[in-house]
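J.: Starting off with a structure, shown below.
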Amino acid sequence: MARLRLERVGKTQAPVSTSSHSIPSSLFQNLSFDIKEGEFVVLFGESGCGKSTLLRMVAGLDKEYQGRILFDEQPVDHIAAEQRQVAMILQSPTLFPHMTVADNITFPLRIKGITVSQREQQLHEIAAKVGVSALLARMPAQLSGGQQQRVALARCLIQHPRLFLFDEPLANLDRAARQELRLLIQFLHRELGTTTLFVTHDQEEAMQLADRIMVLGKSTESQTEFQTEPQTKLLQFDTPDAIFHSPENVQVARLFGHPAMNLIPAQVLHIQGDRIELNIAGQHISASFHPHDAVPIMDNNVTLGVRPDDCTLSVTATSESSLDVEIVQKDILGNECHCYCRLINESTPFPLVVRQKVHEASESPCVGSASKLVFPQKFLLLFNADGNLCGKVALTHS
């Protein structure tokens, strides 16, 4: 196991050619984070934000970067990849097609000169752990995608690495195989406690596996004449629960939850003491306000965030914590229904969604009917004009 720390790491991409000259583009700058020994951290973000690049840098496969990478407080920037004691699994299994499963798994030991008897002992122990004992005599072409990834995982385990790196290893598998391997990876991490950095774009995978999630995203603030592409920045690094319930900005709020969080434009009319009055599409709502000390509201334009699970629809609601809406669509998805609605007075309709049980949806207004969108009796999130979380509001029910 190893503690992993990155200090002010930057990465410059290949130059972008213009009509007059070539401009190097920075993928990210001054990226710093600390992963504790034995921690399982998921790297999550949109395509192209540098997740796989970060893994390659940690593994020693990409050394063209600025800043420092440290294992257990020791810099490894000038240490070759094969000496870092890091094991990496890719999206597509990289098995030797001319070798049996057994030979693929024990290959790292063979090149280290480990004796045949020692290799055989470790082989059967590891094969049993990952469930490939019955496949040892087969060739890779005779395996399914899930079985190939199990073999790749076994080959990593047999090296007893200080650090595991996973680069979307489950992306090419069907849903059943993905879930089986997720459970296996969780089991192995609980048993071995090896520090793990896992890349995925699947929010369910991230929430299920991670001790903490590192959310990366593009920042348009960094774009200039000489930096034409938005840079990647660390949006939030926290537990799955905090990421879901207290996203620090609207970018993170949009990434987690299915359906995603409702983000409702609003204007601040008045703040007095711990009370705030909001205008939402011509409808006024009063609430108690709990500001975020470090992030100001900035101006009157804000965004209210509420999860689809926390809203309800009602034709009889009269409380101040509801909005007039029109039902525009209902999608039945097994035992639940996603009800889409728009604010009555909003000239440019934007969809809000309420997640209901099917029996609840059958009792709610039909498509085209008016209704009340009722907010929950708990805190809603308030984001400022820059999209950063600036406080929470609690609406008053009559």
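The values are calculated or read from the model by the stated rules, or taken from the named source; none is laboratory data. Bear in mind the structure is a predicted one, so any value in this text is a computation, not a measurement. Virtual Cβ from ideal backbone geometry, glycine too; neighbours counted across all protein chains shown.
J.: All but one of (1) part of a helix (DSSP H, G or I); (2) closer than 29 Å to MET261 by Cα hold for LEU173, so report the exception by its number.
T.: Going through (1) part of a helix (DSSP H, G or I); (2) closer than 29 Å to MET261 by Cα one by one, LEU173 breaks only (1).
J.: Let me ask something else about it. Of LEU165, LEU188, LEU183, which residue is surrounded by fewer than 15 Cβ atoms within 10 Å (Cβ to Cβ) and either in a helix (DSSP H, G or I) or modelled with pLDDT of 95 or more (or both)?
T.: Selected residue: LEU183, the only one of LEU165, LEU188, LEU183 that is surrounded by fewer than 15 Cβ atoms within 10 Å (Cβ to Cβ) and either in a helix (DSSP H, G or I) or modelled with pLDDT of 95 or more (or both).
J.: Could you list, in sequence order, all residues of the range 174-195 that are touching a residue at least 24 places away in the same chain (Cβ under 8 Å) and within 15 Å of VAL132 (Cβ to Cβ)?
T.: ALA177, GLU180, LEU181, LEU184, ILE185, LEU188
J.: Restricting attention to the range 268-289, report how many residues are surrounded by 14 or more Cβ atoms within 10 Å (Cβ to Cβ), within 34 Å of the chain's Cα centre (by Cα) and touching a residue at least 12 places away in the same chain (Cβ under 8 Å).
T.: Looking only at that region, the number is 11.
J.: How many residues, within the range 1-55, are among the aliphatic types (A, V, I, L, M) and either touching a His at 6+ places or on another chain (Cβ under 7 Å) or at pLDDT below 85 (or both)?
T.: 5
J.: Follow-up. Quick check on ALA80: is it without any contact (Cβ under 8 Å) to a residue 60 or more places away in the chain and in the same structural domain as THR232 (by TED's automatic domain parsing)?
T.: yes
J.: Go over the candidates ARG150, ARG155, ARG138 one by one and state the one that is surrounded by 19 or more Cβ atoms within 10 Å (Cβ to Cβ), over 22 Å from ALA206 (Cα atoms) and either in contact with a Lys or Arg (Cβ under 8 Å, 6 or more places away or on another chain) or charged (D, E, K, R) (or both).
T.: Exactly one of ARG150, ARG155, ARG138 is surrounded by 19 or more Cβ atoms within 10 Å (Cβ to Cβ), over 22 Å from ALA206 (Cα atoms) and either in contact with a Lys or Arg (Cβ under 8 Å, 6 or more places away or on another chain) or charged (D, E, K, R) (or both), namely ARG155.
J.: Could you tell me how many of the residues in the range 328-372 are at pLDDT 85 or above and either among the hydroxyl-bearing types (Ser, Thr, Tyr) or on the phi > 0 side of the Ramachandran plot (or both)?
T.: The total comes to 4.
J.: Kindly check whether there is at least one residue in the range 241-261 that is part of a strand (DSSP E or B), under 17 Å from LEU381 (Cα atoms) and touching a residue at least 24 places away in the same chain (Cβ under 8 Å).
T.: Checked the range 241-261: at least one residue is part of a strand (DSSP E or B), under 17 Å from LEU381 (Cα atoms) and touching a residue at least 24 places away in the same chain (Cβ under 8 Å).
J.: Can you find a residue in the range 299-314 that is in contact (Cβ under 8 Å) with a residue 40 or more places away in the chain, in contact with a Gly (Cβ under 8 Å, 6 or more places away or on another chain) and assigned to a strand (DSSP E or B)?
T.: yes
J.: Okay, moving on. If a residue has to be in contact with a strand residue (DSSP E or B) (Cβ under 9 Å, 6 or more places away or on another chain) and over 25 Å from MET261 (Cα atoms) to count, how many in the range 193-220 make the cut?
T.: 4
J.: Answer with yes or no whether THR115 is of a type in the set (S, T, N, Q), modelled with pLDDT of 95 or more and not assigned by TED's automatic domain parsing to the domain that holds ASP174.
T.: no
To keep it simple, each residue is scored yes or no on (1) crowded, with 22+ Cβ neighbours inside 10 Å; (2) modelled with pLDDT of 95 or more; (3) not charged (D, E, K, R).
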position: LEU209; (1), (2), (3): yes, yes, yes
position: VAL215; (1), (2), (3): yes, yes, yes
position: SER222; (1), (2), (3): no, no, yes
position: THR228; (1), (2), (3): no, no, yes
position: GLN231; (1), (2), (3): yes, no, yes
position: ILE243; (1), (2), (3): yes, yes, yes
position: LEU255; (1), (2), (3): yes, no, yes
